[in-house]
Amino acid sequence: MTTPLIVVAAVFERDGRILACRRAPGRFDAGRWEFPGGKVEAGETPENALVREIDEELGTSIEVLRAVDRTATHVGERVIDLASYLVRPLSDYPTTSSDHDTLRWVAKTDLAALRWALPDLPTVARLTA
């Protein structure tokens, strides 16, 4: 059995809208939408990994508020164990990303209309329930 890849994602909410990020060309799953985040490194807690990843990817310092979802999803031969968290920026909301070509604020009711990366779908379902 394959060891799951442990990944974390940030859910930013502002005025009833959620931040969705589109994977840039040349990256795995390019063109699909996701919540920003990344891999948990050895010795990191998921929350610490999320703070680090969002600083690296979006240049934004955050506070992790609470868990939204945690689901393991099979993507080809891999298992992605994605934990998503509601977060709050400690300064400005992000406007650019090193991993994404578009950042969009989307109404919760419109989230399901985007073409999401498979591991992010359980979080989308939880947010739109």
- line: Ordered by number, the GluC sites (Glu not before Pro) in region 1-91 that occupy a DSSP loop and have at most 11 other Cβ atoms within 10 Å are Glu41, Glu77
query: Length gain on complete extension for the stretch Ala72 to Ala125, per 0.36 nm per residue less the alpha carbon to alpha carbon distance?
result: 17.7 nm
field: Proxy reagent accessibility, fewest Cβ within 10 Å first, across Thr109, Thr71
entry: Thr109, Thr71
Charge dipole (region 5-128, unit charges on Cβ, about Cα centre) - positive-most of Ala83, Gly59, Ala125: Ala125
- line: If amide H atoms are modeled at 1.01 Å from N in the peptide plane, then the residues at a separation of 5 or more from Gly31, or on another chain, having amide H under 5 Å from its own are Arg23, Ala24
field: Gain on full stretching of the segment that runs from Arg32 to Glu13 - 0.36 nm per residue minus C-alpha separation
entry: 4.9 nm
task: Report the relative contact order of the chain, percent, no decimals, based on alpha-carbon pairs under 8 angstrom and at least 6 residues apart.
output: 32 percent
- prompt: Taking the chain as a Gaussian network, where each spring joins two C-alpha atoms under 10 Å apart, which residue of Arg23, Arg66, Arg52 fluctuates the most?
  reply: Arg66
message: Could you give the length gained by full extension between Thr109 and Leu90, i.e. 0.36 nm per residue of separation minus their alpha carbon distance, to one decimal place?
response: 4.2 nm
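Can you say what percent of the DSSP beta bridges in the chain, counting only those with both residues inside, are antiparallel? Round to 5.
Percent antiparallel among DSSP bridges in the chain is about 75.
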message: Tell me the mean residue ellipticity at 222 nm calculated for the chain from its helices only (DSSP H runs of n ≥ 4, each -39500 (n - 2.57), averaged over every residue, nearest 500).
response: -5000 deg cm²/dmol
message: With +1 assigned to the C-beta of every Lys and Arg and -1 to the C-beta of every Asp and Glu, and no other charges, what is the dipole magnitude of the chain about the Cα centre in debye, to the nearest 20?
response: 440 debye
field: Of Arg32, Arg70, Arg78, the one that fluctuates the most in a GNM where the chain has Cα springs shorter than 10 Å
entry: Arg78
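Coordinate-derived values only; no laboratory data. Bear in mind that the values here come from a model prediction, so they are computed numbers and not experimental data. Note: ideal-geometry Cβ built from the backbone for every residue, glycine included; neighbour counts use all protein chains shown.
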